[in-house]
1. Would you kindly state how much longer the chain becomes between Leu148 and Thr226 on full extension, computed as 0.36 nm times their sequence separation minus their alpha carbon distance, in nm to one decimal?
2. Need one number: % antiparallel among DSSP beta bridges in the chain, to the nearest 5.
3. Determine the gain in length on full extension of the stretch Arg58-Ala345; use 0.36 nm per residue of separation and subtract their C-alpha separation, reporting nm with one decimal.
4. What longest range of the chain stays clear of loop-exposed GluC sites (Glu not before Pro) (DSSP non-H/G/I/E/B, at most 12 other C-beta within 10 angstrom)?
5. Helix-only estimate, please: 222 nm mean residue ellipticity of the chain, summing -39500 (n - 2.57) across DSSP H runs of length 4 or more and dividing by its residues, to the nearest 500.
6. Over the alpha-carbon set of the range 244-339, work out the extent along each principal axis and list the three values in angstrom, largest first.
7. State the extension gain, in nm to one decimal, for the chain segment bounded by Ser49 and Arg323, taking 0.36 nm per residue of separation less the distance between their alpha-carbons.
8. Treating the angle as unsigned and between 0 and 90°, give the value, to the nearest 10°, between the Cα long axis of helix 254-266 and the longest Cα principal axis of the chain.
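Quick note: the coordinates plus some simple rules give every number you see, no bench work behind them. Small disclaimer: the values here were computed from a predicted structure and weren't measured. Every residue, glycine among them, receives a Cβ derived from its backbone with ideal geometry; neighbour counts consider all protein chains shown.
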Amino acid sequence: MTDTKLDILLVDDERIIHESIGRYLRKCGHRVTSVANGAEALKAAAAASFDVAAVDIRMPGMDGLAVVRELRSLQPDLACVVITGHADVDITIDAMRSGVLDFLKKPIELTELDAVLLRLETLAALRRENRHLRAVTRRTSEAALPFLGNSDAAKRVRELIAMAAAARCDTVLITGETGAGKEVVARQLHAASSRGSGPFIPVNSPAIPASILESELFGHRKGAFTGAAEAREGCFELAAGGTLFLDEISELPPSAQAAILRIVETRRMRRVGGGPEISLDLCLIAASNRDLKAMVEKREFRQDLYYRLNAFSIAVPPLRERREDIPLLANHFLGLFVAGRTLPARRFSEVAMSALC
């Protein structure tokens, strides 16, 4: 076997399976969560992430294939194996359509189990390596977009980024005019944080039509509304283990503000259409180019949400307030422009730089 150890969800209503197979899996070094039915499986999957779900095909209540479909709607990358006591072509076809990767026939032979585990360990290792490579690519990309400047104002922004990262802040508010660099600050904070290897999901709030806003943010269950043919993860779920950047949060309608407030308070959510609660481990960075405090006073923005978001704030100054940074920024972007086009070195003339400043 490989050295990859798996987080396994074992779903079966027979105690002997939990005692024998569960014991063997733990002996092999895997982490096993054992549950007896579909409802318990969905509850476990909403609270923790798994590499593999081994699900009995025939159980009281929700059958195994329904459990697999629900589990994969909660965790799309979950590798699923079905445990069956009967060889049935129709069940096999349905299982493959539901996303099942492998089968175990009762009574389970350890040699067969070892072969399935080896395939799953190899798959898990590949997925983890892919996640690592994506993380390295993200960090490299983010490192190319620092918040540059030698002014006191720029240094203060970088100090605040470092403080928020060191304090492991789960909620940060970034304020500043349009174009000041709020997303640059958010990406730098993400890269410096303990969640830097996770995803960075930026959301431009005003760009999302109101009719699909909550579905985009929170996801939806299959059949939740007309056109919801499949379950879908929202931006909050996609940002799990990383950072969700909500730009221009001031433009969100009251219903979305209320839902986000609950998430900030509980770190849990439900998709549109209901279903089990989903635990969220992420940093929420909100940004606004408007004065949220003034909006609160005019009752245009929720006061309780404002104070929750404002637990740690970073104000990004406009460039006109740090003009001494203009030569550094101008040369930085000129260098990127030249490097991206394999052109010879270029520089600004004194007249051009003076005009910029």
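1. Working: separation 78, 0.36 × 78 = 28.08 nm, distance 4.72 nm.
Full-extension gain reported as 23.4 nm.
2. Working: 3 of 40 bridges.
Around 10 percent of the beta bridges assigned by DSSP in the chain are antiparallel ones.
3. On the way: separation 287, 0.36 × 287 = 103.32 nm, distance 6.92 nm.
Length difference between fully extended and current span is 96.4 nm.
4. Details: sites that count: Glu109, Glu230, Glu300.
No qualifying site falls inside 110-229, the longest such stretch.
5. Working: 14 runs with 160 residues, N = 357.
Taking each H run of at least 4 residues, the total per residue is -13500 deg cm²/dmol.
6. Extents along the principal axes: 52, 36, 21 Å.
7. Numbers: separation 274, 0.36 × 274 = 98.64 nm, distance 4.79 nm.
Extending this stretch completely gives an extra 93.9 nm.
8. With both axes taken from Cα atoms, the answer is about 70 degrees.
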